[in-house]
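Asks: Let me begin by handing over the structure; questions about it come next.
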Amino acid sequence: MRIVLFVITLASFLTPFTLSSVNVALPSIGREFGVDAITLNWIATSFLLSSAMFLVPFGRLADIKGRKRIFATGIAFFTLGSLFSALSTSAELLIAFRIFQGIGGAMIFSTGIAILTSVFPPSERGKVLGINVASVYTGLSLGPFFGGILTQNFGWRSVFLVNVPLGLLIAFLTYLKLKGEWAEARGEKFDVIGSLIYSATLISIMLGVSEFSIPLIIAGLILLVTFVLWESKVEHPVLEISLFRKNVTFTLSNLAALLNYSATFAVAFLLSLYLQYVKELTPQQAGFVLVAQPVIQAIFSPLAGWLSDRVEPRIVASTGMAINAFGLFVFSKLSETTPLNLILFNLMLMGFGFALFSSPNTNAIMSSVDRKFYGVASAILSTMRVLGQTMSMAVVMLVFAAFLGEVEITPEVYPTFIKSVQVCFIIFAILCLFGVFASLARGKVRN
């Protein structure tokens with residue numbers, strides 16, 4: 001079981017490492033390609049968008065065909081996507097390869113937690129998921145740190161190239177060391193039509209939100225209704241609707257995850273721009289500041305997971321979300337004169353809040369479903385995360401479009417830029433408060 005934990009932990013490190021290191025590299029990418037803030041946003045968001053489209057279909061396919069098989073394929077896709085991203089000659093090509101990378105990320109996201117939940121007994125689940133969450137936050141920690149160093153000394157392309165040897169190592173270990181297969185739904189049919197409707201639904205809604213297109217959002221809502229009707233009558237649905245209808249813990253825990261990621265994902269993006277433009281820090285210096293939050297997350301996540309094996313997860317997770325809401329309100333007061341010490345302290349406080357929320361919430365979700373739904377449950381949780389991350393970036397796009405327009409960030413627009421950052425943090429703090437109520441309302445996991 002230890003080798004399974006080691007391999008999944010490495011993979012769980014890889015994807016967030018890329019996400020957070022790319023945030024630090026964005027200003028350098030913008031300068032090389034001469035693109036505006038909204039295009040930079042798309043370089044970050046394209047990965048999330050493609051991941052969200054395929055998470056649930058791949059989760060269901062993993063339950064049927066085998067979680068190890070889908071996991072290994074995802075590592076291959078992600079590694080190739082990293083290589084192609086490093087070779088990009090334009091912002092458009094980079095966005096395209098980030099989409100390809102996101103498909104691999106969907107395979108990894110939808111299987112990792114499911115494999116761990118399949119292998120380890122319920123009494124150890126919180127601890128193991130806490131270790132897995134810690135690896136995610138270690139990736140987030142080292143991403144800004146090494147991303148800043150790599151970008152400053154070797155250029156932004158090195159941020160993608162560094163993933164290639166790590167991806168190859170994980171693929172090698174998966175092939176040689178990961179014995180057995182997990183497919184509790186083997187023999188059931190894969191719902192192709194439902195998967196297509198699902199992907200079309202998500203892409204319509206997410207593009208509609210990102211592009212502020214009412215017709216796309218309406219189309220997405222119509223597709224959503226169509227999807228629910230189809231899934232309710234098909235024999236082997238890609239997404240078991242009863243998981244939401246009859247399982248309050250599962251539904252509200254996923255809603256809490258959606259609100260949490262919607263409120264917090266863009267924090268690193270906004271602060272990266274703020275620190276490098278307004279505070280005039282180098283990419284390396286900005287990475288040193290941003291590393292404070294995920295380091296605290298990585299330290300306390302195993303403890304929070306262990307705690308959720310003994311205390312109701314909703315109590316631990318709700319406390320974490322309340323801390324995050326407070327931290328976001330603090331960041332809504334950012335100005336040109338805000339001390340770096342205050343930013344560091346607040347990032348550390350939010351890191352503690354993240355740790356208290358994530359692994360207990362994951363434990364609550366995976367403990368509330370049967371084994372045959374582990375892949376789908378893991379995929380839905382990952383979908384909430386990716387959808388939340390996309391919504392978080394969409395809020396930034398909307399606010400930037402309203403305040404800045406399609407202009408490069410220069411000293412002349414710094415006051416307007418800071419105002420837009422403050423508005424984003426106010427919106428995020430309110431979202432996080434709603435998440436606290438959703439987390440508290442989920443009910444007990446243990447009787």
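Asks: Can you go through Ser135, Ser158, Ser110 and tell me which one is buried (at least 17 other Cβ atoms within 10 Å of the Cβ) and either touching a strand residue (DSSP E or B) at 6+ places or on another chain (Cβ under 8 Å) or over 20 Å from Met384 (Cβ atoms) (or both)?
Replies: Step by step, each of Ser135, Ser158, Ser110 is checked, and only Ser158 is buried (at least 17 other Cβ atoms within 10 Å of the Cβ) and either touching a strand residue (DSSP E or B) at 6+ places or on another chain (Cβ under 8 Å) or over 20 Å from Met384 (Cβ atoms) (or both).
Asks: Separate question: Residues to consider are Ser382, Ser367; find the one that is modelled with pLDDT under 85, under 23 Å from Ser308 (Cβ atoms) and either surrounded by fewer than 24 Cβ atoms within 10 Å (Cβ to Cβ) or in contact with a Pro (Cβ under 8 Å, 6 or more places away or on another chain) (or both).
Replies: Among Ser382, Ser367, only Ser367 is modelled with pLDDT under 85, under 23 Å from Ser308 (Cβ atoms) and either surrounded by fewer than 24 Cβ atoms within 10 Å (Cβ to Cβ) or in contact with a Pro (Cβ under 8 Å, 6 or more places away or on another chain) (or both).
Asks: Does any residue in region 146-159 that is in the same structural domain as Ser272 (by TED's automatic domain parsing) come within less than 6 Å, Cβ to Cβ, of a residue that is of a type in the set (Ser, Thr, Tyr) six or more places away or on a different chain, and which pairs are these?
Replies: If the second residue must be of a type in the set (Ser, Thr, Tyr), the pairs left are Gly147/Ser21; Leu150/Ser158; Thr151/Ser28; Gln152/Thr282; Trp156/Ser28; Val159/Ser21.
Asks: Please work out if Met391 is in the same structural domain as Ala322 (by TED's automatic domain parsing), in a helix (DSSP H, G or I) and closer than 21 Å to Met350 by Cβ. Lay out the reasoning, then the answer.
Replies: On the way: in the same structural domain as Ala322 (by TED's automatic domain parsing): yes; in a helix (DSSP H, G or I): yes; closer than 21 Å to Met350 by Cβ: yes.
Yes: the conditions hold for Met391.
Asks: On the basis of being under 18 Å from the mean Cα position of the chain (by Cα), within 18 Å of Ser272 (Cα to Cα) and assigned by TED's automatic domain parsing to the domain that holds Ala379, does Val35 make the cut? Steps first, please.
Replies: Working: under 18 Å from the mean Cα position of the chain (by Cα): no; within 18 Å of Ser272 (Cα to Cα): yes; assigned by TED's automatic domain parsing to the domain that holds Ala379: yes.
The answer is no for Val35.
Asks: Tell me, which helices (runs of 4 or more DSSP H) lie completely within region 23-138 with 1 or more residues that are at positive phi and free of Cβ contacts under 8 Å to residues at least 12 places away in the same chain?
Replies: In region 23-138, there are no helices (runs of 4 or more DSSP H) which contain 1 or more residues that are at positive phi and free of Cβ contacts under 8 Å to residues at least 12 places away in the same chain.
Asks: Scan region 24-33 and give yes if some residue there is in contact with a helix residue (DSSP H, G or I) (Cβ under 8 Å, 6 or more places away or on another chain), surrounded by fewer than 20 Cβ atoms within 10 Å (Cβ to Cβ) and under 27 Å from Leu258 (Cβ atoms), otherwise no.
Replies: No, region 24-33 contains no residue that is in contact with a helix residue (DSSP H, G or I) (Cβ under 8 Å, 6 or more places away or on another chain), surrounded by fewer than 20 Cβ atoms within 10 Å (Cβ to Cβ) and under 27 Å from Leu258 (Cβ atoms).
Asks: Select, from Leu255, Leu275, Leu307, Leu243, the only residue that is assigned to a helix (DSSP H, G or I) and under 19 Å from the mean Cα position of the chain (by Cα).
Replies: Within the list Leu255, Leu275, Leu307, Leu243, the selection yields Leu255.
Asks: While we're here: What residue, among those in region 219-234 that are in contact (Cβ under 8 Å) with a residue 12 or more places away in the chain and among the small types (Gly, Ala, Ser), is nearest to Ile205 (Cα to Cα)? Explain how you work it out, then say what you get.
Replies: Step one: filter region 219-234 for residues in contact (Cβ under 8 Å) with a residue 12 or more places away in the chain, giving 219-221, 223-224, 226-228, 230-231, 234.
Next, from what is left, pick out any that are among the small types (Gly, Ala, Ser): 219-220.
On the way: Ala219: 8, Gly220: 5 Å.
Of everything passing the filter in region 219-234, Gly220 is nearest to Ile205 (Cα to Cα).
Asks: Kindly indicate whether Pro165 is in a helix (DSSP H, G or I) and either outside the structural domain of Phe352 (by TED's automatic domain parsing) or without any contact (Cβ under 8 Å) to a residue 24 or more places away in the chain (or both). Give the steps one after another, and end with the answer.
Replies: On the way: in a helix (DSSP H, G or I): yes; either outside the structural domain of Phe352 (by TED's automatic domain parsing) or without any contact (Cβ under 8 Å) to a residue 24 or more places away in the chain (or both): yes.
So Pro165 passes the test.
Asks: Let me ask something additional. Quick check: anything in region 186-197 touching a helix residue (DSSP H, G or I) at 6+ places or on another chain (Cβ under 8 Å), surrounded by fewer than 17 Cβ atoms within 10 Å (Cβ to Cβ) and of a type in the set (Ser, Thr, Tyr)?
Replies: Within region 186-197 (the criterion being touching a helix residue (DSSP H, G or I) at 6+ places or on another chain (Cβ under 8 Å), surrounded by fewer than 17 Cβ atoms within 10 Å (Cβ to Cβ) and of a type in the set (Ser, Thr, Tyr)), the answer is no, since none of the residues qualifies.
Asks: Now, a different point. Of everything in region 46-79, what is farther than 23 Å from Ile193 by Cα and surrounded by fewer than 24 Cβ atoms within 10 Å (Cβ to Cβ)? Give them in sequence order.
Replies: Those that are farther than 23 Å from Ile193 by Cα and surrounded by fewer than 24 Cβ atoms within 10 Å (Cβ to Cβ): Ser46, Lys68, Ala72, Ala76, Phe77, Thr79.
Asks: Out of the residues in region 14-23 meeting the condition of being under 13 Å from the mean Cα position of the chain (by Cα) and of a type outside the set (S, T, N, Q), tell me which one is surrounded by the fewest Cβ atoms within 10 Å (Cβ to Cβ).
Replies: Going through the qualifying residues, I end up with Pro16.
Asks: If Gln285 meets every condition in (1) surrounded by fewer than 18 Cβ atoms within 10 Å (Cβ to Cβ); (2) over 26 Å from Phe437 (Cβ atoms); (3) without any contact (Cβ under 8 Å) to a residue 40 or more places away in the chain apart from one, which number is that one?
Replies: (3)
Here's the yes/no breakdown for (1) among the β-branched types (Val, Ile, Thr); (2) without any contact (Cβ under 8 Å) to a residue 24 or more places away in the chain; (3) in contact with a Phe, Trp or Tyr (Cβ under 8 Å, 6 or more places away or on another chain):
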position: Asn346; (1), (2), (3): no, yes, yes
position: Leu349; (1), (2), (3): no, no, yes
position: Phe357; (1), (2), (3): no, no, no
position: Asn363; (1), (2), (3): no, no, no
position: Ser378; (1), (2), (3): no, no, yes
position: Ala394; (1), (2), (3): no, no, no
position: Val399; (1), (2), (3): yes, no, no
position: Glu406; (1), (2), (3): no, no, no
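Asks: Any chance you could count how many residues in region 334-344 are surrounded by fewer than 18 Cβ atoms within 10 Å (Cβ to Cβ) and either in contact (Cβ under 8 Å) with a residue 24 or more places away in the chain or of a type in the set (Gly, Ala, Ser) (or both)?
Replies: The number of residues fulfilling the criteria is 4.
The values are calculated or read from the model by the stated rules, or taken from the named source; none is laboratory data. Remember, it's a predicted structure, so these values are computed and weren't measured experimentally. Methodologically, a virtual Cβ is constructed for each residue, glycine included, from the backbone with ideal geometry; neighbour enumeration extends over all protein chains shown.
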